[in-house]
Each structure stands twice: as C-alpha cells, then as structure tokens.
Amino acid sequence: MAEMTMARFHEVIVVLYAVSLVFYFIDYLNNNKIAHRSAFWILSIVYLMQSGFLIARVIDTQRFPVLSLYEGIYFYAWLLISLSMILQAFSKVGFAVFFLNVIGFIFMTIYTFTPTKIEKSPVGESLISELLFIHITFAILSYAAFAMSFVFAILYLLVYKVLKKKKWTKQFGRLPSLQQSLSGMKASIYTGIPVLFISLVLGIQWATVALDEWTISDVKIIGSFLVIILYSLVLFLQRRGRLTANDFAWANVFAFLFVIINFFLGSRLSQFHFWI
C-alpha cells in the first residue's frame, strides 16, 4: 500500500512538472505575467514535494540517498529544480530556468518510470499503463491545441477576406477580430509545442520500459518531432517578421494538415502505435 502511494505521489509530481513547463514556455515566448506566476507557483509545489520526499528518505535510511544510480537520478532532478529556483529568485535568465527544468523533468520521468524500479515492483504493470495513459493524454491535448490554431487561422482568413471585400453579413459581428484570431493562433502554438514535446518524452520512456524491441526512427516518432520543428519554425519566422499575419495563418493551416497526416498515416506505418 505504501509503495502504491509513493508511485501515485511521484506521478503527481511528473504531471505538475509538465504543467509548469507548459506555462514557462508560454511565458518566455510571449512574456505573459500570468503564465509566469502560474508556472512559478506550480514549480514551487513540485519543489516542496520533491524536497519533502528527499528529507523523508534521509530520515528513513539515515544517510544521504545518492549511493545508487536510482537514488542519484532523483537527487540530480532535485538539484536541477533547486538551481532553477535560485536562478529565478536572483537573476533574470528565463531561458536558462526553462531549459534546466526541461532536463529536470526528463530525469524525474526516468526516476518515476525507470525499468529497474518497475521490474522489482508489484505495481509495475500499473505504472506502465499509467505512463502510457499520460503519454497519450498529452499527445491528444497537443493535437487539440494545434486544432485550435487551425480554427483561429481559418477565422483570421475569413475575417480578412470579408474586410477586404467590405461585404458585411449578419454573422460578421460574431466573428473575432483579426487581432483576436492572431492571438489565438499564437497561444495555441505556445501550448501545443511543449505539450507534444512532453508527450514524446513520456512516450519514449514508455517504449523503453514496456517494449522489448523499438526504434527511435519509428515513423510516428519522427513525424511527431517534425511537427514540433515545423510549428517552431512557423513561430520563429512570424516573430522575426518574415511572415505576414496572412502568411502566418496559411502556415498554420498547412502545418495542421501535416499533423493530421502524421496522426493517421504515421500510425498506420508505425511499428508499435498499433492501438491508435
């Protein structure tokens, strides 16, 4: 029972950590104060939970828990989040904090779902199933975010066309403004990119734990990384002024079509995404 409780405890840490990363990503790309505060307080909760578990381990074992690879991974994850909290408190190096937490999240995920731990644990099968569930959930959430960017892109192009032709209809008043559509596209991409990245990290960890044979060159994995690169490139070009708002909307439309292709065709050609 205690082991199951600890398993749930670390799963909660991983989920909260992932949510904080999403908010940090939104903040550092869009300078959003609400996202920054949300990310900081969620990360603070994660830090307190990790620190509490570390202290409990020291009390229980009467030593500092770094004598095994398994314990070292946890300490490393805790150390990274400690450094990120210190940097955030005393300096303005936002991207350093973000990337430290990305690495810390990866190691915390490895610790929570490590094969060594699972093989020795009676709740291992449950952990593997839950890791797969979280991976799929985050993937679906990212697809939903990209779908929102697609919708806002269509709305932007529609409003732009109506304004250009100056042909008003009764429905025009219910459409968002060009600025609202543009903000919706950006916010959706800001959310979708980190969520899909987190899903990929969790999915690779699941494959390592659950599958005897798999390869990172799997069509679905490569396709998902290409989705991240594609949306990141679109976002980068827009922020650099290389894409007009109209071109940015069209880029979102074509990028989402690639998401759909990757979802269906990639799943058919994948070696192990047979449940989709």
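Brief remarks on what is shown
- Failed criterion for G241 (all others in (1) assigned to a loop (DSSP other than H, G, I, E, B); (2) among the small types (G, A, S); (3) surrounded by 14 or more Cβ atoms within 10 Å (Cβ to Cβ) hold): (3)
- When restricted to residues that are open to solvent by 30 Å² or more (accessible area, probe 1.4 Å), modelled with pLDDT under 80, part of a helix (DSSP H, G or I) and among the hydrophobic types (A, V, I, L, M, F, W, C), the stretch 171-208 contains 1.
- Criterion applied to F254, F225, F263 was being aromatic (F, W, Y) and more than 22 Å from I134 (Cα to Cα), and the one residue passing it is F254.
- Inclusion of Y28 among residues that are in a helix (DSSP H, G or I) and closer than 15 Å to Y190 by Cα is warranted.
- Scanning the stretch 1-17 for any residue that is without any contact (Cβ under 8 Å) to a residue 40 or more places away in the chain and not in a helix (DSSP H, G or I) turns up at least one such residue.
- Considering only residues in the stretch 227-238 that are open to solvent by 40 Å² or more (accessible area, probe 1.4 Å) and touching a residue at least 24 places away in the same chain (Cβ under 8 Å), the one that is farthest from I106 (Cα to Cα) turns out to be L230.
- Among (1) open to solvent by 70 Å² or more (accessible area, probe 1.4 Å); (2) modelled with pLDDT under 90 - the single one N32 does not satisfy: (1)
- Test: residue in the stretch 50-72 that is within 25 Å of the chain's Cα centre (by Cα), of a type in the set (A, V, I, L, M) and modelled with pLDDT under 85: no
- Checking I45 against (1) more than 22 Å from H135 (Cβ to Cβ); (2) modelled with pLDDT under 85, the condition it does not meet: (2)
- Selected residue [modelled with pLDDT under 90, polar (S, T, N, Q), assigned to a helix (DSSP H, G or I) and surrounded by fewer than 20 Cβ atoms within 10 Å (Cβ to Cβ)] from S224, S267: S267
- Any hit, the stretch 38-49, residues being open to solvent by 50 Å² or more (accessible area, probe 1.4 Å), under 18 Å from the mean Cα position of the chain (by Cα), closer than 19 Å to L202 by Cα and not small (G, A, S): no
- Of all residues in the stretch 195-219, those that are farther than 9 Å from F138 by Cβ have Cβ atoms under 7 Å from Cβ atoms of residues that are modelled with pLDDT under 80 and among the polar types (S, T, N, Q), 6 or more apart or on another chain, in W214/Q271; D218/S270; D218/Q271; V219/S270.
- Flag for A145 being modelled with pLDDT under 85 and open to solvent by less than 20 Å² (accessible area, probe 1.4 Å): no
The values are calculated or read from the model by the stated rules, or taken from the named source; none is laboratory data. Computed from a predicted model, the values in this text were never measured in an experiment. Note: ideal-geometry Cβ built from the backbone for every residue, glycine included; neighbour counts use all protein chains shown. With ligands, DNA and RNA removed, areas are computed over all heavy atoms of the protein, side chains included. Shrake-Rupley method; radii C 1.70, N 1.55, O 1.52, S 1.80 Å.
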